[in-house]
Structure formats: structure tokens, C-alpha cells
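FYI, it's all coordinate maths here, none of it is from the lab. What you see is a predicted model; the values in this text were computed from it and never measured. So basically every Cβ, Gly included, is an ideal-geometry build from the backbone, and we count neighbours across all protein chains shown.
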Amino acid sequence: MKKNHFSIVFKSFLMILTLLFSSGIIGQQKYYIPQKQNDFWNHVQFGGGLGLSFGSGYTDISILPSAIYNINPIVSVGVGAQIGYISSKNEYSSWLYGGSLIGLVNPIPEIQLSAELEQINVSTDYKYFGQPRFSDTFWNTALYLGAGYRAGNVTIGIRYDVLHDDNKSIYGEAFMPFVRVYF
């Protein structure tokens, strides 16, 4: 019976060791469960422009930040903002602010086609020999279609306002050159 008792104790001891080590082995095993990572910000680029122009009695200051989301290497969409101040001594001073929706297409890496819908609020104080004469506030809408040469993050090109009206548009010409930089 002692031999049988020893056999039962030994088998029980082995069973307990097996359970202890097997749970330890399972506890140490790492399972890889793939999870979809949010890589939204890896596709976002920030950029925009700064404009400064000074002359004989003339001042033009503009800040134009923008951000685009690269849907793929060919298509990007984004938004932009604009704030500006323009003044011509003894004639007028204007504050401009607004925003834009941007669409970019790169059919080949060196060529960039663009469409930009811009809505700008213009508030102008007209002067007569330095004295306020009257004020005018209105919204200006522009739809720019453009094309440019792209090298890395910089695009240089020209755009055309298809909604340009010589009597209503805030810019004197429908064609405008541009330099676009995104980081």
C-alpha cells in the first residue's frame, strides 16, 4: 500500500506541477490582435501664405493659413482662412476676412491642378482727404481654377477666378499668380 500511496502522491504532485507551469506558460504568451490605428494626422499638411506689400501711401497685409488632407497621392482636400488689411492713404482702408474650400489634384507628381471656392467679407471705409466719407460692407465670392508646377512641398502657378466681375470683385484681375507651400 505504501507503494500505491507513493504512486498516488507522485501522480498528484506531477499533475499540480503541470497545471502550475502550463498556466504560467499560457500567462506569458502574448497574442497580437491587429487594431485599426487612427492615422488621420499622418495625411494632414499645414501651410498657407503671408502677404506684405508697402508703397507710397499703400499698405497690404494678409495672413492665409490652410490645411489639406491627402486622400491619396493624387487627390487632396482642405480648408483655408484669410484675414487682411488694405489701406491707401487718403482714399480707403479695408478689413477682409473669410475662408475657402480647397481641392487639389496631382495627375503626375510635378503638376498640380486646383479648385478653390473663396468667400471673403470686405469692410471698407472710404475717405475724402483723410476724413471718413462712407463705409461699405459686402461678401465677395470667388471660384479659382488653377494649375502649377510642383517640386516637393512647393507649388508655383497661376489661377483664374471664373466668377470675376470687374465691377464687383475685390481683385483687379481674374488671373492671379500663386505660391503654395505645405509641410
Restricted to the range 138-183 and to residues being under 22 Å from residue 86 (Cα atoms) and within 19 Å of the chain's Cα centre (by Cα), the residue surrounded by the fewest Cβ atoms within 10 Å (Cβ to Cβ) is 179
Those residues of the range 60-96 which are outside any strand (DSSP E or B) and either within 17 Å of residue 116 (Cα to Cα) or under 22 Å from the mean Cα position of the chain (by Cα) (or both) amount to 71, 72, 73, 74
Residues of the range 35-65 being surrounded by fewer than 10 Cβ atoms within 10 Å (Cβ to Cβ) and farther than 17 Å from residue 183 by Cα, in sequence order, are 35, 36, 37, 38, 52, 54, 55, 56
Residue count, the range 122-166, condition over 15 Å from residue 93 (Cβ atoms) and either part of a loop (DSSP other than H, G, I, E, B) or of a type outside the set (Ser, Thr, Tyr) (or both), comes to 24
